[in-house]
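To keep things clear, I will list the structure first and then write my remarks on it.
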Amino acid sequence: MRQIFPEWIFPWLEVSTLGLQVVAIIVGAWVLRLSLSRLIRRLGERYSLPPEMVLGARRGLAFLVYFGALLLILDRFGVSATVLWTALTGFAAVGAVAFFAAWSVLSNIFCTLLILTVRPFRLHDHVEVLENGEKPGLKGNVIDINLIYTTLQETSAEHRGAVLRVPNSLFFQRIIRCSTEWEREQI
């Protein structure tokens, strides 16, 4: 039996076939995304849907279509969907555990950024954290603000000079009373 193609072309045929399959998947995904996008836009116009809903639906479907295309391309390269799913869920589980483990620290760091930008109080201000409305809580002069804590030096007679390290997130969970050094001198 006579061969139509020479021997040296067979490895190139495999590569080009794979390349054509990938291009076909990408073009198919693009056409599918365009079709679904037009369909959603027409449904939005016909039923007077809010533009935010139409935009969200279009973006969500585009993500699903392109993610499906990526999975098909990876399948063409021999990557198993089971392996991908196992890796994805494993990474997600580790990320979730790390996020919840660091939640309080991240919350305090974010609250520090808010304290430094919004400036509900500054260094040397007198701050009082109220528990319930007027019930007194922690109070003192602000002597330091770092990433996790704000340090207050107590001014009450019984605890004069004692230092309190208050987590920065507490200032956004409670009512605070604040007065500057200048305001206290005026009283």
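Some observations on this one:
- One residue stands out among those in the stretch 29-69 that are part of a loop (DSSP other than H, G, I, E, B) and either surrounded by fewer than 11 Cβ atoms within 10 Å (Cβ to Cβ) or modelled with pLDDT of 95 or more (or both): the one that is nearest to the chain's Cα centre (by Cα), which is Pro50.
For (1) closer than 15 Å to Arg76 by Cβ; (2) in contact with a helix residue (DSSP H, G or I) (Cβ under 8 Å, 6 or more places away or on another chain), each residue gets a yes or a no:
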{"site": "Pro11", "(1), (2)": "no, no"}
{"site": "Gly19", "(1), (2)": "yes, no"}
{"site": "Ala24", "(1), (2)": "yes, no"}
{"site": "Val27", "(1), (2)": "yes, no"}
{"site": "Ser37", "(1), (2)": "no, yes"}
{"site": "Arg41", "(1), (2)": "no, yes"}
{"site": "Tyr47", "(1), (2)": "no, no"}
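- Just so you know, in the stretch 70-105 the residues that are more than 15 Å from the chain's Cα centre (by Cα) and not in a helix (DSSP H, G or I) include one that is nearest to Val23 (Cα to Cα), and it is Phe77.
- Looking only at residues in the stretch 148-168 that are surrounded by 12 or more Cβ atoms within 10 Å (Cβ to Cβ) and either of a type in the set (Gly, Ala, Ser) or at pLDDT below 90 (or both), the one that is farthest from Arg122 (Cα to Cα) is His159.
The values are calculated or read from the model by the stated rules, or taken from the named source; none is laboratory data. Since the model is a prediction, treat every value here as computed from it, not as a measurement. No Cβ is skipped: glycine too gets one built from the backbone with ideal geometry, and neighbour counts run over all protein chains shown.
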